[in-house]
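Engineer: First, the structure itself, so that you have it in front of you.
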Amino acid sequence: MSGFGWASTTDEVLAGKDLSGRTVFITGANSGLGQETARAMASKGAHVVMAGRDQHKLDAAVAAIRETLPKAQLDTLTVDLGSLESIRAATSRARQAFPRIDLLINNAGVMATPFEHTADGFERQFGTNHLGHFALTAELMPAIERGHLKRIVNLSSRGHFMGQVDFDDPNFTRRPYDPWASYGQSKTANVLFTVGLEQRFAVLGIHAYAVHPGGIETNLGRYMTPEMREGLMKRVSSSDTGFAWKTIPQGAATSCWAATADELEGCGGVYCEDCHVAEVDDENPKEGVRSYAVNRSYADRLWKLSEELTGAQFPS
Ligand SMILES: NC(=O)c1ccc[n+]([C@@H]2O[C@H](COP(=O)([O-])OP(=O)(O)OC[C@H]3O[C@@H](n4cnc5c(N)ncnc54)[C@H](OP(=O)(O)O)[C@@H]3O)[C@@H](O)[C@H]2O)c1
């Protein structure tokens, strides 16, 4: 047991940790959980590369962090995870500027968007939440291999309960679009990607962890209509889920824990929530990870599909 739990905060989880001399790369670092993860890690001496798609928002997030940590070592990198061209350009700049990355936190995400497509024609949630991070990680892998900590954290969600990956129609070309099935698919993909990374790179000492942060009020809900919000709240707060909101520092705590906990050393490929490794469970509405999200053959299938769709190649 970690000694941390549902209510633990980023600062509690990182107490006693020293991240000086370590480079942490965080996507979606200009908002919500990503910004708080950046602040907390910078407060422990890490050099944080804050990636986001809008330089003005990144500048505002840097300024907000520097209000309490004037000496924080922060860099920014603009990348749109909805464009393979943007990912290739940004990672090429990143490889020059940051030859060693110790921790990669794939945190950016969109939820319940209308039926839209990325620049490369992928359905937006699958394209941004999974395929964008798949391509980004492939390009950053040489820098992670050179890192000392060698961990990758993929932000998933309990939302993975809402959908498996449809390997025959991931982009909703033949089935009716449903924003929740799509979010669920993308968040299941985040866990399967974690399993796939672990299968391939544990041998090099690189380990991957999927995280459900909890329910936290951030900008993530911006695409929901009032009716969708009402339906979601009805679903998550029904009596059998025991739902309660976390604060942002509580929400980002599991990412910080997965990235640094000593007890996780060498044992990735798992899904973490409330600062512990979740059980595989296909029934429990309150916690756990569904078996389809940690299925090794699905992880392989998703890996191959993601390579085909993005053209990204991990070093072998
Ligand atoms: N909040 C929750 O209750 C909750 C629950 C479960 C899982 N999660 C997961 O936690 C992660 C962080 O979410 P959050 O709650 O902190 O939401 P948030 O405040 O909306 O932050 C999401 C971040 O992702 C960035 N992003 C979105 N699309 C992008 C793109 N195409 N390219 C680059 N960056 C992009 C956003 O940038 P812009 O500001 O430019 O849009 C923002 O920085 C997500 O993966 C989410 O699925 C959150």
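Engineer: If you stretched the chain out fully between Ser297 and Cys267, how much longer would it get, using 0.36 nm times the residue separation minus the C-alpha to C-alpha distance?
Structural biologist: Full extension of this stretch gives 8.9 nm more.
Engineer: Of the options Trp303, Leu232, Leu77, report the single residue whose Cα projects farthest towards the positive end of the charge dipole of segment 10-310 (beta-carbon charges: Lys, Arg +1; Asp, Glu -1).
Structural biologist: Leu77
Engineer: Once you have the Cα-Cα distance between Phe314 and Asp168, take 0.36 nm times their residue separation minus that, and quote the gain in nm to one decimal.
Structural biologist: Here the answer is 50.2 nm.
Engineer: When the accessible area of the chain is computed with all protein chains present and a 1.4 Å probe, what percentage of it is carbon and sulfur?
Structural biologist: 50
Engineer: Which order do you get for Arg88, Arg39, Arg95 if you rank them by accessible area with a 1.4 Å probe, largest at the top?
Structural biologist: Result of the area sort, largest leading: Arg88, Arg95, Arg39.
Engineer: Any idea how far the Cα center of segment 9-34 sits from the one of segment 183-247, in Å?
Structural biologist: Result: 19 Å between the Cα centres.
Engineer: Also, quick follow-up: Under a crude label model (7 Å from the Cα following the beta-carbon direction), how far is Thr78 from Gln55 in nanometres?
Structural biologist: Each label point lies 7 Å from its Cα, and together they span 0.5 nm.
Engineer: Helices from the chain with mean Kyte-Doolittle at least -1.0 and a Cα length along the axis of 18 Å or more, per DSSP H: which? Walk me through the numbers before you get to the answer.
Structural biologist: Values: long enough: 55-68 (21 Å, -0.22); 84-97 (19 Å, -0.52); 179-201 (32 Å, -0.21); 296-310 (21 Å, -0.98).
Span-like helices, by this rule, are 55-68, 84-97, 179-201, 296-310.
Engineer: Counting only protein chains, not ligands or nucleic acids, how are His56, His276 ordered by accessible area (probe 1.4 Å), most first?
Structural biologist: Details: His56 150, His276 55 Å².
So, going from the largest accessible area down, we get His56, His276.
Engineer: Report the trypsin sites (Lys or Arg not before Pro) located in segment 105-206 that are in a DSSP loop and have at most 16 other Cβ atoms inside 10 Å of their Cβ, or state none.
Structural biologist: Hits after loop and neighbour filter: Arg146, Arg174.
Engineer: Further question on the same structure: Just to verify a number: what accessible area does Val79 come out at with the full protein assembly present, 1.4 Å probe, Å² rounded to tens?
Structural biologist: Probe radius 1.4 Å; accessible area of Val79 about 10 Å².
Engineer: Oh, and also: Report the longest stretch of the chain that contains none of the GluC sites (Glu not before Pro) sitting in a DSSP loop with at most 13 other Cβ atoms within 10 Å.
Structural biologist: 1-216
Engineer: Separate question: What does the accessible area per residue of the chain come to in Å², with a 1.4 Å probe and no ligands, DNA or RNA counted?
Structural biologist: Heavy-atom accessible area per residue stands at 41 Å².
Engineer: Same structure again: How many lysine pairs are close in segment 10-310, with Cα atoms under 26 Å apart and the two 8 or more places apart or on different chains?
Structural biologist: Close lysine pairs found across segment 10-310: 21.
Engineer: Report the full-extension gain for the segment Trp245 to Val277: residue separation times 0.36 nm, less the Cα-Cα distance, to one decimal in nm.
Structural biologist: Result for the pair: 9.5 nm of gain on full extension.
Engineer: Could you work out the helix-only [θ] at 222 nm for the chain, with each DSSP H run of four or more residues adding -39,500 (n - 2.57) and the total divided by the number of residues, to the nearest 500 deg cm²/dmol?
Structural biologist: -11500 deg cm²/dmol
Engineer: In a shell of Cβ-Cβ distance under 11 Å around Arg100, excluding Arg100 itself, what net charge do Lys and Arg (+1) and Asp and Glu (-1) give?
Structural biologist: Here the charged neighbours net out to +2.
Engineer: About the Cα centre of segment 162-316, what is the dipole size in debye to 20, counting +1 per Lys and Arg Cβ and -1 per Asp and Glu Cβ, all else neutral?
Structural biologist: 440
Engineer: Dipole of the chain, Cα-centred, from +1 at each Lys and Arg C-beta and -1 at each Asp and Glu C-beta, to the nearest 20 debye?
Structural biologist: 660
Engineer: Here's something else I'd like to know. Mind checking the log10 I(q)/I(0) for segment 68-209 at q = 0.17 Å⁻¹? Debye, one equal scatterer per Cα, no solvent, two decimals.
Structural biologist: -0.95
Engineer: Given the whole protein assembly as supplied and a 1.4 Å probe, what does the accessible area of Asp75 come to in Å², nearest 10?
Structural biologist: Using a 1.4 Å probe on the heavy atoms, I get roughly 60 Å².
Engineer: Continuing with the same structure: For the chain, what are the per-bin percents of Cα-Cα distances with bins 20 Å wide, up to the bin holding the maximum?
Structural biologist: 36, 61, 3
Engineer: How much solvent-accessible surface does Lys17 expose, in Å² to the nearest 10, with a 1.4 Å probe and all protein chains in place?
Structural biologist: Number for this one is 50 Å².
Engineer: Where the convex hull is taken over the Cα atoms of segment 187-309, what is its projected area averaged over directions, in nm²?
Structural biologist: On the way: hull surface 35.8 nm².
Computing the convex hull of the Cα atoms and averaging its projections yields 9.0 nm².
Engineer: Answer with one residue from Val280, Trp245, Tyr292: the one whose Cα lies farthest towards the positive end of the charge dipole of the chain, charges on Cβ with Lys, Arg +1 and Asp, Glu -1.
Structural biologist: Of the listed residues, the answer is Trp245.
The values are calculated or read from the model by the stated rules, or taken from the named source; none is laboratory data. Treat the numbers as computed from the prediction; the structure is a model and nothing was measured. With ideal geometry, Cβ positions are generated from the backbone for all residues, glycine too; neighbour counts draw on all protein chains shown. For accessibility, only protein heavy atoms count, side chains too; no ligands or nucleic acids. Shrake-Rupley method; radii C 1.70, N 1.55, O 1.52, S 1.80 Å.
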